[in-house]
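Let me begin by presenting the structure, written as structure tokens, before commenting on it.
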Amino acid sequence: MKKYTFAEKKDTRSGFGDGLLEAGRRNENVVALCSGLVGSLKMEAFINAFPERFTQVGIAEANMMRIAAHMAIGGSIPFTGSFANFSTGHVYDQIRQSIAFSNRNVKICAANDRLMPGDDETVHQILEDIRLMKMLPGMTVINPCDYNQTKAATIAIAEYQGPVYLRIGCTMVPVFTAADEVFEIGKASVMNEGTDVSIFATGHLVWQAILAGEQLAEMGINAEIINIHTIKPLDEAAIIKSVAKTRCVVSAEEHNRLGGLGDSIAQVLIEHDPVPMQYVAINDLHSESGKPKELMKKYGLDAGHIVDAVRKVLKRKAGEKEGRIIKQR
């Protein structure tokens with residue numbers, strides 16, 4: 001089993017800020033808009049380098065989405081920045097009508113989603129943003145796992161034609177992917193190969209899945225851990241290939257269990273290869289304020305809960321295998 005280590009922790013929004021600056025250097029058509037949250041989105045470096053390519057909209061997110069859509073018509077590549085609840089649910093009609101329906105080349109970049117804002121007010125958290133955005137035809141949905149991957153993803157989406165939702169966070173998390181790793185939209189990353197169970201994780205839960213894999217290895221369980229950084233379009237081939245080996249699945253995400261990564265994987269399994277599956281996700285609840293680590297444990301999103309889910313799915317796998325043997329007899 002490959003061992004992952006980290007020398008530092010960074011928030012993924014810093015990866016976005018550094019990636020936006022690099023994207024701006026590479027392409028003069030990259031522009032940025034923000035709704036009064038420049039510091040929270042780490043957009044200062046871009047603004048200092050390209051002040052003429054930045055628009056401060058203020059607390060008017062619906063207008064920001066409309067402006068971005070119109071800027072895209074003229075050939076610009078707009079990156080919008082705000083908190084996730086203000087970038088999705090609050091402006092869903094504008095995104096659907098002005099951006100998604102017309103396939104505008106707008107990059108919707110959203111921070112402070114999920115539980116990780118912790119001590120912030122609960123109105124600054126949203127647990128259903130992936131579901132909202134992946135339902136829109138033509139919308140690409142990306143949820144990177146650490147600083148390096150977020151920086152690479154930000155640069156990649158600037159070169160990608162079409163609307164994109166990029167999910168970023170504000171909490172310090174381990175930086176464990178390579179700085180020179182190429183980010184390929186729609187292509188899953190195999191973090192560890194295994195034969196006993198497939199763990200498909202996204203965002204901050206990738207690191208928790210790696211920690212869970214280490215615990216499982218000590219128990220003699222060989223877990224295949226796959227980073228699903230692109231939830232839409234989903235790498236169905238990677239899912240089918242992994243499940244063909246392991247015959248059972250655990251999905252892990254910092255999102256409502258309804259409509260997130262788990263449901264996307266389940267749809268693939270239903271059509272191609274139904275196997276036992278367990279979800280690690282928030283159980284259709286509203287979030288609350290608190291320390292991120294404590295909230296992750298309370299809502300069942302840490303490595304220990306992933307291990308528990310693996311134990312459950314392995315029992316189901318063993319039961320189905322025994323049932324087939326009895327039926328054959």
Original post:
So for the chain, Kirkwood radius off the Cα pairs, Stokes-Einstein at 25 °C and 0.890 mPa s: how many µm² s⁻¹?
Top reply: 123
**OP:** Classify region 65-188 as rounded, prolate or oblate from the Cα gyration tensor: take a ≥ b ≥ c as the square roots of its eigenvalues, call it rounded if a/c is under 1.5, otherwise prolate when a/b beats b/c and oblate if not.
**Re:** oblate
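Considering only the chain, what is the antiparallel percent among its DSSP beta bridges, to the nearest 5?
Beta bridges within the chain, antiparallel portion: roughly 15 percent.
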Original post:
What ranking do THR246, THR177 get, fewest neighbouring Cβ atoms within 10 angstrom at the top?
Top reply: THR246, THR177
**OP:** Treat the count of other C-beta atoms within 10 Å as a stand-in for reagent exposure and order GLU271, GLU193, GLU224 from fewest to most.
**Re:** GLU271, GLU193, GLU224
**OP:** Averaging sequence separations of C-alpha pairs under 8 Å and six or more residues apart, then dividing by the length of the chain, give the relative contact order as a whole percent.
**Re:** 17
Original post:
Helix-derived [θ] at 222 nm for the chain: sum -39500 (n - 2.57) over DSSP H runs of at least 4, divide by residue count, nearest 500?
Top reply: -12000 deg cm²/dmol
**OP:** List the DSSP H helices in the chain whose Cα atoms stretch 27 Å or more along the helix axis and whose mean Kyte-Doolittle hydropathy is at least -1.0.
**Re:** 303-328
**OP:** Sum up the lysine pairs in region 189-328 that clear both bars: alpha-carbon distance under 25 Å and a spacing of 8 or more or different chains.
**Re:** 20
Original post:
If we count other beta carbons within 10 Å of each Cβ, what is the order of ILE67, ILE265, fewest first?
Top reply: ILE67, ILE265
Original post:
What is the dipole size for the chain, taken about its Cα centre, with +1 at each Lys and Arg Cβ and -1 at each Asp and Glu Cβ, in debye to the nearest 20?
Top reply: 820
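Every number here is computed from the coordinates shown, using simple stated rules; none is lab data. In this text, all values refer to a predicted model and were calculated from it rather than measured experimentally. Using ideal geometry, Cβ is built from the backbone for each residue, glycine included, and neighbour counts are taken over all protein chains shown.
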